[in-house]
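See structure below.
Throughout, read-outs are computed from the coordinates displayed, never taken from laboratory work. Everything numeric in this text was worked out from a predicted model, so none of it was measured. Methodologically, a virtual Cβ is constructed for each residue, glycine included, from the backbone with ideal geometry; neighbour enumeration extends over all protein chains shown.
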C-alpha cells in the first residue's frame, strides 16, 4: 500500500524537528517518496502455448533520502537513503550513514532556495481518479485489450489459416507516485503526487509478415476504459493493413518520419545533448553552439511538465522547486537546457563555460534555471534513492508553418513513410550525432504523394545524422501526436517530419524468420 | 551467516542480512500453509535479498558523489491452476528496506504480498476461462515443469568484505584515478571515474521444499573519458568488474579468462586510448565487403546481441516481441534453426554460469542449477537458455537461466557468462594471413534488427591491415552485417578467449538491468564497414 501524502508530511515534519537539533549541520535536504508501478503484461501467441496475460505484477517502494552539509566546510556533503521505514529510528540511521559518507565536493553549491510562493503547492490535491481505482479495473482493462485484439483478428483476417503466427505483446502499466520534500533553506514542506497509465500493444501476424502497433496514455479511469476498448482492435487493424509488405532496395530516399521515429531520435540523440551536464562534460552534439540555429527555424522544442495534452503532470522538481516549462529550441535556435541545481551552478562556474557553450551564449545568455531535476527509478516513477538528474517530462515539438498529412506526403513525392523504428542509438557517440536504427513496422511506400504499399517490417536500416533530420526538412506536420519510447520515463508530443536524402540499407531475411 | 568476513565495527549497520536467518525458519512453513489454505493455489515461491552497496564517483579529479545503501527486497510469485490445467500467475514485488529488521513486520509483509499475488493469479485464471470460452483460445495450457526442490548454501568470494570499505577509501580511489587522467593534459576534456562495491545475499524458498541461499560480492569500476584534439573528439567508456571484493579494484585481478587491471591503471589506459583516437581520422569505409579481424572485446558485444539475446527462450517464444524483439533462430515450434547450420564449422558458442565471470551463479531464481548450455556447436545451432515455463513449451529440460535483477522483479530468461568458444589459431597469425583488411578492436555501441538477423556494431578502434601488418588507426567505424552471413564466413578462430564484464544489460518491462560476462577469441570473417554519417 502506498503511503498517503499526510503520512509523508508527518514524517518530514518529525524529521525537521530532529535535524534542527543537530548542531554540526549547516544545511540539510530531506526527500521522501512512495511509488507504485503495476504492470499487466500481454502475451498471446496463436501457435505457441501462452497465458494471454503473462503476469500481473507490481513494484512498490517507499523511503527517503537525506543530504547533509557540515558547518566545518560548506562543500562537505553526506548522502544516505533508507528504504521501507519512515520514523525517527530510520532518520537517525540515515544521519549516521550520511556522516560516514561525508566528502568534500568543491563544486557543491548548497541547496536551492525555495521561493515562498511554492508553499502553496503543499496541499495534497489528488489529480487523478486512478489513485483510487481498484486493481480489478486494471486487470479487466488488460483482458479487454487481449479479447478485442483476438476478436478483431478472428473476424477480419482474410484467410483462416491453421498457423497464422498471430502474436500479441505489450503491457498496460499504471504508475503512481507521491513525494514530500524540505530543506533547511526555507523549512517549507512541499508535496506532489501523480498517477498515469501507459499502454502499448504490438501485433505481429507472421504468416502475413505484418506488424502493427497502438499506444495510449491517460490520467483517468475514463481514459483507461476508452483505451481498453480500442487499443487491441486498432493494433490488429493496422497490422492487417500492413500485410505482405514490400522490401525496397537500399539507397537514398526522401522520407516522412512519423511521430514515433522523431521521438526516438530526440530521445536518444537530441535530449541527452540538451542538458547543462552534457555541455559541462563536453559530450553534447550541440557543443559550442548554444544560441545558434541547430534546427530548422520552423521548429520549437520544449519540455513542459504541465503540458495540457499529457497525463504526466509534475508540479515540483525533486529538488523542491516549482517545475516549469523549459524552452530548449526556439524557432530553430538553441536557447535553453534542462538542468538540476548542481549542474546549473557547475556549468555557470566552469572556467571554460564560454568555450563549451559557444559564442552565441553571450548573446542569448541564460542562467539555466533548474526546472527539470527528477529522481527517477525503473518504471518511470520517482524514487527516494536516485539522485536528482535533469530529465524531461513531456517533450513537445511545435511547428510554425506546418502542413497537413496530404501536403506532407506530397512534399516527399516518391519515397517512404517510416512509422516505427527500433534500437535507435548514437552509433558514433553522443557528440557525433550519428544515428542508426531499423525500420520495424507501421511503414509504407509513397508514390506521387500517396501511400501505395506497405513496407515489410525489418527490411531496412536507417543511417542518418541528427542534422539531416532537423536542419533542412522538406515539410513538417502541423499536428503533434503522442509517442512513447520503451524504457524512457518521459512522454513525447511531436509531429511527423519529411526529410530528403536519408540513407537506408537493406537487411537480409534470416532463414528462420523468412520460412513458412 | 553465509556472507563471510567480519564487517568493520565503524561501517554501516549490517543487521539486515540477519533477516535471512529468520526467513530460513519462517518462509517455508508460511508458503506451504498458504498453498494448503488457499483454494486453487498450486504453488508459491519467495525470493528475498539483502544488499549492501557502496558507490563513489569523481569527475575531473574532484569528488562528485558517494553513497552507501543497505536494503532488502521481497518478490512473491503465486501460480493458480484453472480449468484444463491453465496456470494463472500473480506476482508482487516490494522493496521493504528496514522493515526486514523486524521479524513481525517482515512476516506481515510476506503474508500481504502472498495475498496480493494470489488475488492477481486468481483473477488471471478467471479471466482466461472467460476469454477461452468466448474465443475458443487454444494453446494456453503450458504447465511449468515441476518446481525445484533443491536445498543448498553458497558463499560469496572476496578478499575484503565490501562492508568494511570506508566511504573515503572508495572515494580516494576514484579521485586519484580521475586526477591521474586529468593530469594527461588539456586534451582530456572530461573524465568520470566511478567505483561500486556490493554484497548481496539471496534466499529462494518455494512451497515444494526448495531452499537455496546464495551470496555474491561485486566490485566494479566504470570510466568515461572525453578527449579532444584539433582534428576531432572522442568519447569512450568501459567497465571492469569481478565477483570479488575491494581488492579487485585496488590490485586488479589476474586470471586467464577475465583479467582486469586495477581501477587507476584501467582509467589511464582508457584515457590514453581516447587521446589517440581524438587525433585519428574518421574511417572512410570501402563500398564493399572486406576482411575483418575482430578482437575479443569487440566479439563480446557480437555474442551478446547476436547469439545471447536470440538464445533466450522467452524472446524466441515471442514473449518480448513488443519490447526488444524476436529471435532470428526461431519462428515456430516446427520451423526453427535447432539442429541446422547457422555458421561456419569453426564457430562454437555457449553460456556457462558455473565458471568464474561477472555472470557467475550456481542456481537461477527459480531454484534450478545453472549449467553450461551449448548454443552453437561447430556452426550448428543447438539450444536455448530457458526458464521452467519456457522449457515446458520447448519440451526441454530447464537449464537454470531465469534471473531477476532484483528480488522485486519477475525472473526473465537471461545470459550468464555467454561467449564464443576458443579455437586453435594464433591471433597474430590470423592477422598476418590477411592481404588487405581491417582489424576491429573494442566494442562501443550496438544497433540490432528486430530479430537480430542484422547488426551494426561500432568499434572503438579500427586499424587497416596491409599484407599482414597493422597500419593506420581510424575512429568512428562499425561493422555492418547480416548475422547468418557473418557467421558463415568465419574462417579463423583464435585461441585467446577472453571475457569482459557487462554491467548493464537491459531487458523487460519495467526494465531490469543485469550484470553478466561476454567474450570470445579473435575471429576473422567478412563484412561491410560503416563510418561517420555525412
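Structure summary
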quantity: Peptide B:181-194, shielding by other chains (average Cβ, 10 Å cutoff); calculated: 1
quantity: Value of [θ]222 nm, deg cm²/dmol, for chain B, DSSP H segments ≥ 4, -39500 (n - 2.57) each, nearest 500; calculated: -7000 deg cm²/dmol
quantity: Whether chain B is rounded, prolate or oblate, judged on the alpha carbon gyration tensor where a/c under 1.5 counts as rounded; calculated: oblate
quantity: Theoretical gain in end-to-end length, residue A:363 to residue A:4 [0.36 nm per residue, Cα-Cα removed]; calculated: 124.5 nm
quantity: Cα Rg over Rh - the protein assembly as shown, Kirkwood; calculated: 0.93
quantity: Within 10 Å of each Cβ in A:58-70, the average number of Cβ atoms from other chains; calculated: 4
quantity: Shape call, chain A: gyration tensor on alpha carbons, a/c limit 1.5; calculated: oblate
quantity: Shape of the range A:331-422, Cα gyration tensor, a/c cut at 1.5; calculated: oblate
quantity: Acute angle (nearest 10 degrees) that the helix B:19-37 long axis makes with the longest principal axis of chain B, alpha-carbon atoms; calculated: 50 degrees
quantity: Distance (nanometres) between label positions extended 7 Å along Cα→Cβ at residue B:256 and residue A:479; calculated: 6.6 nm
quantity: Intensity falloff of the range B:290-531 expressed as log10 I(q)/I(0), Debye formula with alpha-carbon point scatterers, at q = 0.07, 0.16 Å⁻¹; calculated: -0.21, -1.09
quantity: Relative exposure of A:354, B:262, judged by other C-beta atoms within 10 Å (fewest first); calculated: A:354, B:262
quantity: Backbone N within the range A:431-457 under 20 Å of label point (7 Å from residue A:244 Cα along the Cβ vector); calculated: A:441-447, A:451-457
quantity: Kirkwood hydrodynamic radius (C-alpha pairs) into Stokes-Einstein, the range A:52-193, 4 °C and 1.567 mPa s, D in µm²/s; calculated: 64 µm²/s
quantity: Spacing of the two label points (7 Å from each Cα toward its C-beta) at residue A:349 and residue B:362, in nm; calculated: 5.1 nm
quantity: With Cα atoms, 0 to 90° folded angle of helix A:135-156 axis to chain A main axis; calculated: 10 degrees
quantity: Ranked list, fewest to most other Cβ atoms within 10 Å of each Cβ, for B:522, A:281; calculated: A:281, B:522
quantity: Equivalent ellipsoid, the range B:3-206 (semi-axes from 5 times Cα gyration tensor eigenvalues, Å); calculated: 45, 23, 14
quantity: Span from the the range A:199-216 Cα centroid across to the the range A:372-436 one, whole angstrom; calculated: 21 Å
quantity: Packing-based order for B:490-496, B:36-42, using average beta carbon neighbours within 10 Å, highest first; calculated: B:490-496, B:36-42
quantity: For residues of B:281-288, the mean tally of beta carbons on other chains within 10 Å; calculated: 0
quantity: Whole-angstrom gap from the range A:444-467 to the range B:491-526, using each part's C-alpha centre; calculated: 32 Å
quantity: Mean Cβ count within 10 Å, highest first, over the residues of peptides B:214-225, B:58-69; calculated: B:214-225, B:58-69
quantity: A:274, A:240 arranged by Cβ crowding within 10 Å, fewest neighbours leading; calculated: A:240, A:274
quantity: Between the range A:24-100 and the range A:494-508, the Cα center-to-center distance that results, in Å; calculated: 41 Å
quantity: Mean ellipticity per residue at 222 nm, deg cm²/dmol - from DSSP H runs of n ≥ 4 across chain A, formula -39500 (n - 2.57); calculated: -6500 deg cm²/dmol
quantity: Within the range B:290-531, percent of DSSP bridges classed antiparallel, to nearest 5; calculated: 85 percent
quantity: Helix B:103-135 vs. chain B, principal-axis angle (Cα, 0 to 90°, nearest 10); calculated: 90 degrees
quantity: Segment residue B:155-residue B:396, length gained on full extension (0.36 nm per residue, minus Cα span); calculated: 83.8 nm
